[in-house]
1. If you take the residues of segment 136-170 that are polar (S, T, N, Q) and out of contact with any Leu (no Cβ under 9 Å at 6 or more places or on another chain), which of them is surrounded by the fewest Cβ atoms within 10 Å (Cβ to Cβ)?
2. Check Lys121 against each of (1) open to solvent by 10 Å² or more (accessible area, probe 1.4 Å); (2) closer than 22 Å to Asn61 by Cα; (3) not in a strand (DSSP E or B) and name the one condition it does not meet.
3. Select the helices (runs of 4 or more DSSP H) contained entirely in segment 1-96, then report the ones holding at least 3 residues which are within 23 Å of Ser127 (Cα to Cα) and modelled with pLDDT under 95.
4. Restricting to segment 97-118, count the residues that are open to solvent by less than 30 Å² (accessible area, probe 1.4 Å) and in a helix (DSSP H, G or I).
5. Taking strands (runs of 3 or more DSSP E) that do not extend beyond segment 129-170, which have at least 3 residues that are closer than 20 Å to Gly83 by Cα?
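The values are calculated or read from the model by the stated rules, or taken from the named source; none is laboratory data. Quantities reported herein were computed from a predicted structural model and do not represent experimental measurements. Every residue, glycine among them, receives a Cβ derived from its backbone with ideal geometry; neighbour counts consider all protein chains shown. Only protein heavy atoms, including side chains, enter the accessible area calculation; ligands, DNA and RNA are left aside. Shrake-Rupley method; radii C 1.70, N 1.55, O 1.52, S 1.80 Å.
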Amino acid sequence: MTAPATPKTQAELMAFLDGLGIAVRTRNHPPLFTVADSQALRGEIAGGHTKNLFLKDKKDNFFLVTVAEEAEVDLKQIHHLIGASSRVSFGKPEALMELLGVIPGAVTVFGLINDTAARVKVVLDSSLMENEVVNAHPLTNEATTSIGRDDLLHFVRATGHDPVILKVSG
């Protein structure tokens, strides 16, 4: 592992999105660490809400799997779907910080802005992508950013990643 670059800030993420012509809405709130914590905001923030799994296989291939918050994912079988070389486990917090620039509890698709070497394969669940608006943490679990589905795909591609949309939830 190399020394991580300084992760982008929420303000730098917003400037990047603005530079892409992507309009988002961000709502600040107390820190949310779990899906259960964030469900307290339902009704206040419309759209699909995300759950993010930062995974790795035995060959140190990393995956960010983004699903709808209520989705169930079979971690014993998902490696067959996402192209992992073996069963997957959760990536360590150090790798999460190095690659996506976030801490556990703040894992987000927006972390791809920090993966400048495109080491993380991003998988978006097809059920989540049925939503017109997708909600994710903007590099901090103290806010939620709402972004249009097509704009989210534009953002992912602009970070040098090729988003894979798959049915990964049950």
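1. Ser146
2. Answer for Lys121: the failing condition is (3).
3. Details: elements: 10-19, 35-38, 78-82.
Correct list: 35-38.
4. Restricting attention to segment 97-118, the residues satisfying the condition of being open to solvent by less than 30 Å² (accessible area, probe 1.4 Å) are 99-102, 105-115.
Now restrict to residues that are in a helix (DSSP H, G or I): 99-100, 109-114.
Residues meeting the conditions: 8.
5. Details: elements: 133-136, 143-148, 164-166.
Output list reads 164-166.
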